[in-house]
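Below is one structure, written out as structure tokens; the observations come after it.
The values are calculated or read from the model by the stated rules, or taken from the named source; none is laboratory data. Predicted model only: the values in this text are computed from it and were never measured. Don't worry about glycine lacking a Cβ; one is built from the backbone with ideal geometry, like all the others, and counts go over all protein chains shown. To get the accessible areas, we keep the full protein, side chains included, count just its heavy atoms, and leave off ligands, DNA and RNA. Shrake-Rupley method; radii C 1.70, N 1.55, O 1.52, S 1.80 Å.
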Amino acid sequence: MIKNIIATGVLLVLVGIVVFNFFDNQKEAETEKASEMNTSSEGGAIAPVESAGLEPGEAAPDFSLQTLTGEPIQLSDFKGKKVILNFWATWCPPCKKEMPEMQTIQEEYGNEVEILAVNMTDSESKGISDVQKFQEKFKYTYTMPLDEDGELSTAYKVYNVPTTYFIGSDGKIALPRKSGPMTYDFMVESISQME
């Protein structure tokens, strides 16, 4: 009798787990589908007048951040190389839209250009764990520093995501910043204009 009760209890727990996982997967699939359908989105935010961002010719503010693996990354380490400095978040559909094309640029132009995709970790609902889950799923190979306290996004006057700066090999802002998702062709053209 007791064995039957225990077996029934275990069976009910297992059924509960299966049902929970089914609905959780459905919810995630619906979220991804909604994100894919919203790919025409250009990002957006209400920003103050002084939010024009850093201008071409200005020195790019140096920074030191850590990656998910704890590796320290400093912008000045890349002086002499072109840098695409991208600000993004896991909850941002336009960010997700441009990231595969950034991966293609990394694969094709990695010797010439360093992609630093700075996660605005302070805006993530679960912080670093959101970024870890995202990276485990997509496995992008470009560098993803973590802006855990929002200081870097403030220094670069980032008011919406994605926002991208193009930094020349001299350490200065080379082109006007890009607000909204980038395409492969846009990045190739931008790289060709950077010194």
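For the range 77-90, which residues satisfy the criterion of being open to solvent by 10 Å² or more (accessible area, probe 1.4 Å) and under 9 Å from the mean Cα position of the chain (by Cα)? Once the filter is applied, which keeps residues that are open to solvent by 10 Å² or more (accessible area, probe 1.4 Å) and under 9 Å from the mean Cα position of the chain (by Cα), the range 77-90 yields only 90.
Identify the residue in the range 172-195 that is among the hydroxyl-bearing types (Ser, Thr, Tyr) and open to solvent by 40 Å² or more (accessible area, probe 1.4 Å) and, among all such residues, is nearest to residue 53 (Cα to Cα). Per the stated criteria, the residue is 179.
Go through (1) open to solvent by 80 Å² or more (accessible area, probe 1.4 Å); (2) over 29 Å from residue 185 (Cβ atoms); (3) touching a helix residue (DSSP H, G or I) at 6+ places or on another chain (Cβ under 7 Å) for residue 133 and report which single condition fails. Result: residue 133 passes all but (3). Can you pull out the residues in the range 145-171 that are under 17 Å from residue 112 (Cβ atoms) and open to solvent by 80 Å² or more (accessible area, probe 1.4 Å)? Within the range 145-171, 170 is the sole residue that qualifies.
Contact map, the range 92-113: first residue without any contact (Cβ under 8 Å) to a residue 40 or more places away in the chain, second residue open to solvent by 20 Å² or more (accessible area, probe 1.4 Å), Cβ cut-off under 7 Å, separation 6 or more or different chains; pairs are 103/140; 103/141; 106/141.
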